[in-house]
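This is the structure, below, for whatever I ask next.
Read-outs throughout are calculated quantities, based only on the coordinates presented, and are distinct from any laboratory measurement. From a predicted model like this one, the values you see are computed outputs, not experimental measurements. Cβ: placed from backbone, ideal geometry, glycine included. Neighbour counts: every protein chain shown.
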């Protein structure tokens, strides 16, 4: 009965929803997800820099930039999820 009354409390519902989408993972797993997202962001910057310096073919340049943009997008989304799962 106590659990049912506690779940009806609006502050409890607010705190439970504010824990984030990666709440079911342990803190160390969330740490690894943040490292992977930082790695994706860094690797996408390196790919873009390398393409600007060494790739002169327009089609290959477009493909590599598209891949780098995808890595940047995935890394950004993962970092936002990590930030929303910040411990209370």
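Looking only at the range 57-88, count every residue that is in contact (Cβ under 8 Å) with a residue 24 or more places away in the chain, surrounded by fewer than 12 Cβ atoms within 10 Å (Cβ to Cβ) and closer than 14 Å to residue 46 by Cα and tell me the total.
Here the count works out to 0.
Of these, 32, 54, which one is within 19 Å of the chain's Cα centre (by Cα) and exposed (fewer than 15 other Cβ atoms within 10 Å of the Cβ)?
Just a single option satisfies the conditions, and that option is 32.
Has the range 20-29 got any residue that is without any contact (Cβ under 8 Å) to a residue 60 or more places away in the chain and either assigned to a helix (DSSP H, G or I) or in contact with a strand residue (DSSP E or B) (Cβ under 9 Å, 6 or more places away or on another chain) (or both)?
yes
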